[in-house]
Structures are given as structure tokens and as C-alpha cells.
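Here's the structure we're looking at; comments come further down.
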Amino acid sequence: MSGLEDLYKEIILDHYRSPRHHGELECPPAHKTEGFNPLCGDEVSLTFELQGEVIRELLITGQGCSISQASASMMSTAVQGKSVDEVRNLTRQFKAMMSIHEESIGAEDATSKDAKPLELGDLDALKGVVKFPVRIKCATLSWNTLLTGLDELEV
Amino acid sequence: MSLPSDLKSNFPLLSQTVNGHQIIYLDSASSSQKPTVVIEAMNDYYRTINANVHRGAYEIAAQATEAMERARARLATFIGAPSANEIVFTKNATESFNLIARSWGGDNLGPGDVVLISDMEHHANIVPWQILSAEKGFELRWIPLTSDGHLDLSQLDRLLDGVKMVSVTAMSNVLGTLNPIREIADRAHSVGALMAVDGSQYVPHLPTDVVELGADLLCFTGHKMCGPTGIGVLWGRTELLEAMPPFLGGGEMILDVRRDGFTPNELPHKFEAGTPPIAEIIGLGAAVDFLESLGMSNVRQHEIDLTDYALRVLNDRYGEELTIHGPPNASERGGVLSIQYQDVHPHDLSQVLDQRGICVRAGHHCAKPLMRELGVGATARASLYVYNDEADIDALTASLAPAGELFAR
Ligand SMILES: Cc1ncc(COP(=O)(O)O)c(C=O)c1O
């Protein structure tokens with residue numbers, strides 16, 4: 001099945017099979033945000049706690065396809081202990097990777113800050129999703145949900 | 001009699017390859033493929049008689065009008081309607097339901113009234129009522145389901161209390177369930193309620209007779225029955241349609257317009273404001289001719305045979321690993337197979353199938369209340385039509401195991 005291995009990389013399947021940082025924090029003190037993909041019924045629910053400007057801990061539950069759940073799991077690993085600015089920056093880079101349309105704006109935006117570009121690390125494995133446009137929404141669901149959560153807290 | 005075995009050759013799209021495989025189209029419940037005769041009929045209209053209808057006195061305008069009205073007459077015969085004037089052309093089944101809700105509902109519903117629908121309706125037969133209910137304050141009530149995917153009619157008498165309209169699908173687009181429309185219609189009529197039927201999944205697949213069904217109104221959509229997109233039908237009994245006020249206003253739907261008002265046109269034009277989708281109507285007429293040349297009882301028999309085959313081979317091979325929602329017997333259902341395989345997400349399953357050229361739909365199929373009842377967010381749905389054969393089912397069956405291996409936890 002040519003092509004599928006671009007989408008379903010081993011590391012993605014690994015995050016899907018064993019999601020990291022799975023669970024819920026107590027709210028309050030944590031903040032809870034839910035995201036839905038109305039087209040396919042995917043759901044994620046994030047609970048996270050800030051310590052000053054830093055995401056002290058973030059846990060995830062949800063149901064959905066391998067891409068949405070793996071992307072959420074990878075995100076949970078990537079954002080623990082990061083500052084809100086770093087997380088916003090990372091989200092921009094991730095979304096730029098997901099969409100050619102956002103790339104020009106996103107990349108410019110990301111590098112215009114003189115903060116050194118963040119390592120995408122494992123997240124790079126999700127690059128293959130771009131070849132399957134209908135799945136981009138699956139990959140970005142948890143990230144958009146986190147942005148909503150940060151906006152709700154006005155941080 | 002059965003269907004010709006080389007039917008696929010009538011559908012140009014089906015000779016294509018995708019991802020290096022001959023396409024296997026198993027999504028006809030979403031939209032069917034179109035035979036050459038339909039594509040040609042629409043082309044011929046544009047090439048030879050393209051002109052607006054019901055207006056010009058010149059030759060091609062007269063021919064266009066005649067071709068359109070001939071299609072209307074063929075549709076009437078196709079569904080057993082007593083008169084061609086009872087065939088109202090709309091954009092799709094969704095618009096047909098909006099027409100019923102706005103026109104009949106707007107005139108007849110208020111606080112204390114009830115519209116009865118069911119837990120297996122498509123959003124097209126839910127949301128128009130919800131929109132109107134928010135304005136008019138009537139109650140929307142739901143017929144529940146049994147555990148094997150039928151309508152639970154055990155409490156129907158109680159549910160019918162105060163009901164003015166029953167609006168139910170003849171066949172579920174998720175479960176394949178064929179509903180006992182005649183029985184429901186008779187019981188609706190016995191309490192003075194009207195019976196509207198969603199025929200979107202029924203009319204394309206079974207011989208249809210509106211009088212035998214006992215319906216007062218029937219909605220269906222052209223693109224699921226070998227016809228083009230952008231054309232649907234509302235059928236209604238003459239007296240009922242005559243009593244209903246116009247839906248959209250504009251040209252075509254009037255006899256006279258004065259400063260102080262207008263006089264609506266006669267049926268069916270009263271409900272057809274503006275220039276109609278002429279090519280699409282002619283295309284739908286050709287689709288009806290095509291289906292009638294096959295014979296609708298042959299179409300139905302083909303689907304029973306193929307559904308039976310699919311249920312058998314899928315269950316034999318996968319047993320407990322596979323859930324197929326809806327009634328277990330092919331004779332009680334249409335060729336719509338909503339499947340859950342191991343815990344492979346429907347989205348992932350359809351992606352793997354796509355790599356093998358197999359088109360199935362993953363999602364909620366515009367039936368979210370039903371998905372909640374089933375306790376799932378989505379299903380992968382394979383649906384059958386005249387051009388599908390056992391080889392298509394075999395390809396589907398063979399492709400589930402590799403998907404399972406890929407995602408095995
Ligand atoms: C049962 C049922 N009703 C209504 C519709 C709506 O059809 P359309 O989108 O063509 O209006 C569909 C198809 O999606 C359907 O399956």
C-alpha cells in the first residue's frame with residue numbers, strides 16, 4: 001500500500017496505541033477545554049495547569065482516528081514545561097507544517113521572533129499528513145483546542 | 001430476471017483507476033455514479049435545445065419545455081403518482097423538506113401541536129422542523145429504535161397523541177432498515193395526521209408507489225438514483241399541495257403580479273420559483289428511463305442478493321471482530337452496511353481502503369441523533385447499487401484484515 005506509510009509512520013502508531021499524558025487534571029486549579037471535529041466526530045479534551053507563564057502539566061482524553069489521537073499525544077509531550085510563548089510559537093510552526101497556505105504567513109511569523117526556532121522533534125513525523133488533505137483537520141484538532149484554551153485564560 | 005452483468009460499462013467513472021487500482025465504488029448511499037445515457041442527455045440538451053422554459057414561442061424553447069415536462073411525467077409514473085402536476089422539482093431532498101416545513105408547517109403548526117419524526121432520520125428531516133419549532137413553538141417528538149435497528153412502534157399510539165404530521169424515512173441511510181411506512185401512515189391517518197416520507201434511500205432502490213405507501217408527501221433526491229446533483233423532488237397529493245402556500249417567490253411561480261399582491265401559479269409551478277435546473281431535470285428523466293429499463297424489482301433483487309452475500313462473507317470471515325449495524329437479514333434492509341471493525345477508527349479504515357481504490361464513507365452520515373443512540377462517533381459505511389458485484393464485496397472483505405494489522409494495539 002504505497003503512500004500509507006507516509007501517513008501512518010511507526011512513531012504515530014505508537015502514540016496512537018499508547019497515548020502519553022492520558023487523563024484529566026482536577027479543575028480548578030487546572031483549566032479544561034474541549035475540541036470537536038464536526039465532520040468526523042473526533043473529540044479531544046485537554047486539562048492543563050499553568051504555573052506563571054509555563055504549562056506545568058497537561059493531560060488529554062479523547063476519541064477519534066489515529067491521526068487526531070496521535071497528534072494530541074505528541075502535543076502533550078511537546079508542551080509540558082514550556083512557556084505559553086513557546087507553545088504558541090510551536091503551534092504556529094506545526095500548523096505551518098500542516099498547510100501550505102499557512103506556511104508563508106506562519107513561517108515568517110515564527111522566524112520573525114528572534115527566539116530560535118523550536119525543534120519539532122517527533123512531531124515531524126506528522127508531516128506526511130499534508131499529502132492527505134482531508135486528514136489535516138484531524139492532526140490540528142488538539143492544537144487548535146489548546147490555542148482556544150490559552151485564549152480563554154487570556155495568556 | 002436479474003441485472004445485466006456488464007452494467008459497470010455503462011458508468012464511465014467506474015473504468016478509472018485510483019491509487020493504481022481499478023476504482024471500487026461503495027458509496028452510492030452518498031451519491032450514485034451516472035450512466036452514459038444521463039451524461040449524454042444533459043449534453044444533448046445544452047448542444048441542441050438550450051433555452052429557457054415556459055417562455056419563448058420559438059422552436060428550441062418549445063422543445064426544452066417539452067423535454068422538461070416529459071421528464072416530470074416519467075417521474076410521476078416512476079413513483080405511481082396519479083398526476084404529473086404533483087411532481088414538484090426542488091434542488092434536493094433537503095430543499096423538499098424545507099419546503100414542507102415552511103409552507104405546510106408555517107401555515108399549520110403552533111403551540112400544542114406535535115410533529116413526529118424518528119431517531120433514524122437524516123438531518124434533512126430534522127433541522128427544518130427544529131428551525132420552525134423555534135419560531136412556532138410546536139413539539140418535535142421522536143420514535144425510538146429497537147436494539148436490532150428497527151423503529152420501536154410499541155408505543156406509537158401514545159406517541160401519536162396530538163400529532164399533526166408524521167415525517168419518517170422509508171429506509172435508513174445508516175442502518176439500511178426498511179420501515180413499515182404503510183402501517184405508520186395508516187395509524188397517522190387514523191388520528192388525523194399527515195404522513196411525509198423521506199424516500200431518498202428508498203426510491204432509488206425499490207419499486208415505489210406513493211398510493212400503496214399511503215404517503216401524503218414524499219421527498220427524494222436525483223443524485224442518489226443515477227441522476228445529476230442539483231435536482232430533487234417533492235411529491236404531494238394534489239389537494240394538499242393546492243392548500244399549501246408558495247415557498248420561494250419570484251418568476252415562474254405566479255399567474256399575475258400587481259402592486260398590491262400576486263396570484264400564485266397552478267401546480268406544480270406554484271412551488272418552482274425562477275428558472276429551473278432544466279438540464280438536471282432532463283438528466284433525471286434519463287436516469288428514470290435507465291432504471292426502468294433495468295426494472296426496479298430487478299434492482300431490488302440484485303441488492304438483496306448482494307447484501308445477503310456481503311453479510312455472509314463478512315460475518316464468516318470476521319465474526320466477532322466485526323459489527324454491522326442494523327437488521328441482520330437482507331430482506332429487511334437495503335444495501336447499506338455501516339461497519340465497525342475491531343477498534344480501527346472509521347476514518348483510518350476508509351483511508352486504508354482508499355489506498356486500494358475502495359471508496360467508502362466514514363463519518364456520522366448526517367444522522368447525529370442516530371449516532372448517539374448507537375453510541376458511536378462515526379461509522380465506516382459501504383453502500384451498494386446496481387453496478388456493484390460480488391467482486392466488489394470480496395475486495396472490501398479482503399481489505400479489512402490488513403487495516404486491522406496496521407492499527408492493532
Ligand atoms: C435518508 C436521507 N435523507 C435525505 C438526504 C439528503 O439528500 P440531499 O443532500 O440530496 O438533499 C439523504 C442524503 O444524504 C439521505 O440519505
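The values are calculated or read from the model by the stated rules, or taken from the named source; none is laboratory data. Since we're looking at a predicted model, the values are computed, not measured. Cβ atoms come from the backbone with ideal geometry, glycine included; neighbour counts cover every protein chain shown.
Worth pointing out:
- If you go through region B:374-409 and pick out every residue that is at negative phi and within 14 Å of chain A (Cβ to nearest Cβ), you end up with 20.
- Scanning region A:1-29 for residues that are small (Gly, Ala, Ser) and buried (at least 18 other Cβ atoms within 10 Å of the Cβ) turns up nothing.
- Index of the failed condition, A:THR77 passing every other in (1) touching a residue at least 40 places away in the same chain (Cβ under 8 Å); (2) in contact with a strand residue (DSSP E or B) (Cβ under 8 Å, 6 or more places away or on another chain); (3) surrounded by fewer than 23 Cβ atoms within 10 Å (Cβ to Cβ): (2)
This table checks each residue for (1) charged (D, E, K, R); (2) farther than 21 Å from B:ALA73 by Cβ; (3) in contact with a helix residue (DSSP H, G or I) (Cβ under 9 Å, 6 or more places away or on another chain); (4) not assigned by TED's automatic domain parsing to the domain that holds B:HIS189.
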position	(1), (2), (3), (4)
B:PRO246	no, yes, yes, no
B:LEU267	no, no, yes, no
B:PRO276	no, no, yes, no
B:ALA287	no, no, yes, no
B:ALA310	no, yes, yes, yes
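- Subset tally (residues that are more than 13 Å from chain B (Cβ to nearest Cβ) and touching a strand residue (DSSP E or B) at 6+ places or on another chain (Cβ under 8 Å)) for region A:117-150: 6
- The lone criterion from (1) aliphatic (A, V, I, L, M); (2) under 30 Å from B:GLN33 (Cβ atoms); (3) out of contact with any strand residue (DSSP E or B) (no Cβ under 8 Å at 6 or more places or on another chain) left unmet by B:LEU248 is number (2).
Residues are listed down the side, and each one gets a yes or a no for (1) among the aromatic types (Phe, Trp, Tyr); (2) out of contact with any Gly (no Cβ under 7 Å at 6 or more places or on another chain); (3) within 11 Å of chain A (Cβ to nearest Cβ):
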| residue | (1), (2), (3) |
| --- | --- |
| B:HIS325 | no, no, no |
| B:ALA330 | no, yes, no |
| B:GLN342 | no, no, no |
| B:ASP348 | no, yes, yes |
| B:ASP354 | no, yes, yes |
| B:CYS359 | no, yes, no |
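- Among residues of region B:9-32, those that are more than 14 Å from chain A (Cβ to nearest Cβ) and either in a loop (DSSP other than H, G, I, E, B) or over 21 Å from B:ALA398 (Cβ atoms) (or both), counted: 13
- Note on region A:33-53: among residues that are without any contact (Cβ under 8 Å) to a residue 60 or more places away in the chain and charged (D, E, K, R), the one that is nearest to A:GLU152 (Cα to Cα) is A:GLU49.
- Some residue of region B:43-63 being touching a strand residue (DSSP E or B) at 6+ places or on another chain (Cβ under 9 Å) and away from the ligand (no atom under 16 Å from the Cβ): no
- Against the list (1) within 16 Å of the ligand (Cβ to nearest atom); (2) surrounded by 21 or more Cβ atoms within 10 Å (Cβ to Cβ), the condition B:ALA71 fails is (1).
- Contact map, region B:154-180: residues that are within 14 Å of chain A (Cβ to nearest Cβ) paired with residues that are within 16 Å of the ligand (Cβ to nearest atom), Cβ distance under 6 Å, separation 6+ or inter-chain. Pairs shown: B:VAL174/B:SER338; B:VAL174/B:HIS365; B:VAL174/B:ALA367; B:VAL174/B:LEU370.
- Within region B:161-218, the set of residues being in a helix (DSSP H, G or I) and within 16 Å of the ligand (Cβ to nearest atom) comprises B:ILE181, B:ILE184, B:LEU213.
- Any pair with Cβ under 6 angstrom, 6 or more apart, that starts in region B:79-101 at a residue that is hydroxyl-bearing (Ser, Thr, Tyr) and ends at one that is within 13 Å of the ligand (Cβ to nearest atom) and in a strand (DSSP E or B): B:THR90/B:GLY232; B:THR90/B:LEU234; B:SER96/B:THR90; B:SER96/B:CYS219; B:SER96/B:GLY232; B:SER96/B:LEU234
- Counting only strands (runs of 3 or more DSSP E) wholly contained in region A:1-92, the ones carrying 3 or more residues that are more than 10 Å from every other protein chain (Cβ to nearest Cβ) and touching an Asp or Glu at 6+ places or on another chain (Cβ under 6 Å) occupy A:42-51, A:54-63.
- For the criterion of being away from the ligand (no atom under 16 Å from the Cβ), surrounded by fewer than 16 Cβ atoms within 10 Å (Cβ to Cβ) and modelled with pLDDT of 95 or more, B:ASP107 passes.
- For region B:127-160, the candidate set comprises residues that are buried (at least 21 other Cβ atoms within 10 Å of the Cβ) and part of a loop (DSSP other than H, G, I, E, B); within that set, the residue that is farthest from the ligand (Cβ to nearest atom) is B:PHE138.
- In region B:36-111, counting only helices (runs of 4 or more DSSP H) that sit wholly within it, the ones holding 2 or more residues that are within 30 Å of B:VAL168 (Cα to Cα) span B:59-78, B:93-99.
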